[in-house]
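> Below you'll find the structure I mean.
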Amino acid sequence: RLKQLNNFSMLSATMAALSQSPIHRLKRTWEQVPTRTMTAFMDLQVLMGVAKNWAEYRDELHRVNPPCVPFVGMYLTDLVMIQDGNSDFLKKSNHLINFFKRVKTAEVIREIQQYQSVPYCLTSVPEIQAFIRRGLDGTKSVADLYEMSLALEPR
């Protein structure tokens, strides 16, 4: 459903959560997941994977129609690469600003901004919001979750 909503930020967070060791190690539990659901899950792993600099995700992102919540981590990586991979000044003259670096940075920022131009038309559901808040109040550490995982499926 997150993919249908073009909410790639939450999709990435969900995929990361399901890949954490307390959940990933639950082999018997994963075996109970229907084949169709596992196929969809694996497709989403490929989509949100970092292979070839997020190539699958970038392609999908450029195909979707707004509204969209992009995965900002990719853009942060792009900005770091632009910052670290390009000097601030041109090599032949320490007085001339490397305008290419500024243009590339602006392109990344402009792309992020374009996804903020169209709002979602969603209705808030107070019951769901309350459910999520209650769940966040009881957040456990990864160590606690791993212990729970071991209780469910011992080694």
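The values are calculated or read from the model by the stated rules, or taken from the named source; none is laboratory data. These numbers come from a predicted model, not from an experiment. Here the Cβ is made from the backbone with ideal geometry for all residues, glycine too, and neighbour counts use every protein chain on show.
> Could you list all residues from segment 7-45 that are of a type in the set (Val, Ile, Thr), assigned to a helix (DSSP H, G or I) and touching a helix residue (DSSP H, G or I) at 6+ places or on another chain (Cβ under 9 Å)?
Let us first name the residues in segment 7-45 that are of a type in the set (Val, Ile, Thr), namely 14, 23, 29, 33, 35, 37, 39.
Add one more test, that the residue is assigned to a helix (DSSP H, G or I), and what stays is 14, 23, 29, 35, 37, 39.
Within segment 7-45, THR14, ILE23, THR29 meet the criteria.
> Return the only residue of THR105, THR123 being in a loop (DSSP other than H, G, I, E, B), without any contact (Cβ under 8 Å) to a residue 40 or more places away in the chain and among the hydroxyl-bearing types (Ser, Thr, Tyr). Steps first, please.
Working: THR105 fails: in a loop (DSSP other than H, G, I, E, B).
After ruling out the rest, the residue left standing is THR123.
> Further, regarding this structure: Please state which of the following conditions VAL103 fails to meet, knowing it meets all the rest: (1) at pLDDT 95 or above; (2) of a type outside the set (Gly, Ala, Ser); (3) loosely packed, with under 10 Cβ neighbours inside 10 Å.
Only one criterion in (1) at pLDDT 95 or above; (2) of a type outside the set (Gly, Ala, Ser); (3) loosely packed, with under 10 Cβ neighbours inside 10 Å is unmet by VAL103, namely (3).
> Right, another one. Does any residue of segment 88-102 turn out to be touching an Asp or Glu at 6+ places or on another chain (Cβ under 8 Å) and either under 28 Å from LEU5 (Cβ atoms) or not β-branched (Val, Ile, Thr) (or both)?
The first filter runs over segment 88-102 and keeps only residues touching an Asp or Glu at 6+ places or on another chain (Cβ under 8 Å), leaving 97-98, 101.
Of the ones still in play, those that are also either under 28 Å from LEU5 (Cβ atoms) or not β-branched (Val, Ile, Thr) (or both) are 98, 101.
Yes, segment 88-102 has at least one match.
> Under 6 Å by Cβ, and 6 or more places apart or on different chains, what pairs join a residue from segment 1-26 that is farther than 30 Å from LEU150 by Cβ and in contact (Cβ under 8 Å) with a residue 40 or more places away in the chain with one that is among the small types (Gly, Ala, Ser) and surrounded by 14 or more Cβ atoms within 10 Å (Cβ to Cβ)?
Qualifying pairs under 6 Å: none.
> Out of the residues in segment 66-102 that are in a loop (DSSP other than H, G, I, E, B) and without any contact (Cβ under 8 Å) to a residue 12 or more places away in the chain, which is nearest to the chain's Cα centre (by Cα)? So that I can check it myself, show each step before the final result.
Initial filter on segment 66-102 (in a loop (DSSP other than H, G, I, E, B)): 66-68, 70-71, 86-88, 90-96, 98.
Still in the list and also without any contact (Cβ under 8 Å) to a residue 12 or more places away in the chain: 90-96.
Working: LEU90: 34, LYS91: 36, LYS92: 39, SER93: 40, ASN94: 38, HIS95: 39, LEU96: 37 Å.
Applying the filter and picking the extreme gives LEU90.
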